[in-house]
Amino acid sequence: MKRINIIMIVLIAFTSVAAQDVSTSVSKRGTTAAPFLSISQGARATSMGSAFVAVADDPTAIFWNPAGIAKIPGGSVTFDHTKWIADLSYNYMAASYNLGDYGAVGISFLSSSMEDMAVRTIEKPEGTGETFNAKDAVFSVAYAISLTDNFAIGFNPKFIMQSIWRTSASAFALDMGVIYKTPFDGIILAMSIQNFGTKMKLDGTSALVLYDPDPNTTGNNGKIPAYLQTDQWELPLTFRVGLSYEPFRTELHSMVVAFDALHPSDDYESINIGAEYGFSDMFFLRGGYKSLFLQDSEESFTLGAGIKQNFFGNVGIKIDYSYGDFGRLKDVQKISVGVTF
């Protein structure tokens, strides 16, 4: 317990230092790079209002709270597809494997998908005949270990990449999380910090321009090759603390209720709430509300359902669906397929 208390104190102190420049009076929206890192992953978690940091018991725990993979028995893989706003799509894969006393390992990969767009200029507003697109990607390798039967800690280092036209940017970041099964029956406390890492800066050949250092002088070279200087931007650092509570679990019925409080570096604080009802550990109904108390948020209620079936002994298939209301931006739908073995 002494070792656990020290770890908890270190994590809380680390989070306080990392977030010390975040003002509660200024939202700082739109001031970070790679905002796709904040998109919820996993249809199950999303349908529960993204209140999942203390639940985190499937491979998407790598995104929500890497400590969670220490509680997943055997091996597990999840494939997730998100129909995002503005005709964007995101594909996510996460896998974990439990090594017993040696902890658990996991990997994840996220990439974006979008149609090519026409290159337009002032001289050619209808298009130059060229096309371009933008891409987001992140790859991570996670590790978690249970220090006691009730306490687990996890780490998730990752490589992040963004590109648009002929420019690109990359960064390294680290996610950390802990899960603590409290002495109170059915209550789990957890916290995580996401995207603590380096800054991102776009650079590439499309920043190359022809520059005239003295346009008022004739006879000089007015087409000197030069590069536009781009700025560096922080990653969207997010601190989450959450509780999950299991009011009942019988052979036929189960219920999980979860609450997450968020402290992001690029927005105001907010709360996510969600719940999941299961029948016979086979059929599931879920609902939640995201970004509660967040000013001017387009996100609100979420709904979802899932089905799980075991085959050939310990091999199981999971299919989950989620729907999220996004206000004036319509809706976001997600489907996940998982395999356990």
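The values are calculated or read from the model by the stated rules, or taken from the named source; none is laboratory data. This is a predicted model, so every value here is computed, not measured. All Cβ positions, even for glycine, are placed from backbone atoms using ideal geometry, and neighbour counts span all protein chains on display.
Some values worked out for this structure:
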| quantity | calculated |
| --- | --- |
| Which listed residue is in contact with a helix residue (DSSP H, G or I) (Cβ under 7 Å, 6 or more places away or on another chain), among the acidic types (Asp, Glu) and closer than 23 Å to residue 83 by Cα, from 296, 320 | 320 |
| Every residue from the range 150-161 that is touching a residue at least 60 places away in the same chain (Cβ under 8 Å) and surrounded by fewer than 22 Cβ atoms within 10 Å (Cβ to Cβ) | 151, 155 |
| Residue check for residue 62: within 16 Å of residue 238 (Cα to Cα), outside any loop (DSSP other than H, G, I, E, B) and of a type in the set (Val, Ile, Thr) | yes |
| Evaluation of residue 144 against (1) in contact (Cβ under 8 Å) with a residue 24 or more places away in the chain; (2) exposed (fewer than 15 other Cβ atoms within 10 Å of the Cβ); (3) hydrophobic (A, V, I, L, M, F, W, C) (one fails), failing number | (2) |
| Residue selected from the range 184-212 under the condition of a type in the set (D, E, K, R), outside any strand (DSSP E or B) and over 21 Å from the mean Cα position of the chain (by Cα), by the criterion nearest to residue 234 (Cα to Cα) | 212 |
| Residue within the range 247-266 that is acidic (Asp, Glu) and in contact with a helix residue (DSSP H, G or I) (Cβ under 8 Å, 6 or more places away or on another chain) present | yes |
| Lone unmet requirement of (1) crowded, with 20+ Cβ neighbours inside 10 Å; (2) out of contact with any helix residue (DSSP H, G or I) (no Cβ under 8 Å at 6 or more places or on another chain) for residue 62 | (2) |
| Candidates 87, 57, 80, filtered to the one that is over 30 Å from residue 246 (Cβ atoms) and charged (D, E, K, R) | 87 |
| Residue match in the range 152-164 (condition: closer than 14 Å to residue 103 by Cα, under 14 Å from the mean Cα position of the chain (by Cα) and of a type in the set (S, T, N, Q)) | yes |
| Strands (runs of 3 or more DSSP E) enclosed by the range 213-307 - at least 3 residues per element that are modelled with pLDDT under 90 and on the phi < 0 side of the Ramachandran plot | 224-227 |
| Flag for residue 127 being modelled with pLDDT of 95 or more and either assigned to a strand (DSSP E or B) or touching a Lys or Arg at 6+ places or on another chain (Cβ under 9 Å) (or both) | no |
| Filter pass, residue 181 being basic (Lys, Arg), over 30 Å from residue 256 (Cβ atoms), modelled with pLDDT of 85 or more and under 25 Å from the mean Cα position of the chain (by Cα) | no |
| Residues that are over 18 Å from the mean Cα position of the chain (by Cα) and either under 20 Å from residue 243 (Cα atoms) or of a type in the set (A, V, I, L, M, F, W, C) (or both), drawn from the range 272-291 | 275, 276, 277, 278, 279, 282, 283, 284, 285, 286, 287 |
| Flag if residue 338 is in contact with a strand residue (DSSP E or B) (Cβ under 8 Å, 6 or more places away or on another chain) and not basic (Lys, Arg) | yes |
| Enumeration of residues in the range 199-224 that are loosely packed, with under 11 Cβ neighbours inside 10 Å and within 30 Å of residue 160 (Cβ to Cβ) | 205 |
| Residue in the range 308-316 that is in contact with a His (Cβ under 9 Å, 6 or more places away or on another chain) and surrounded by 13 or more Cβ atoms within 10 Å (Cβ to Cβ) present | no |
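Condition check ((1) of a type outside the set (Lys, Arg); (2) more than 26 Å from residue 71 (Cα to Cα)) across all residues:
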| position | (1), (2) |
| --- | --- |
| 175 | yes, no |
| 181 | no, no |
| 186 | yes, no |
| 189 | yes, no |
| 193 | yes, no |
| 196 | yes, no |
| 200 | yes, yes |
| 211 | yes, yes |
| 215 | yes, yes |
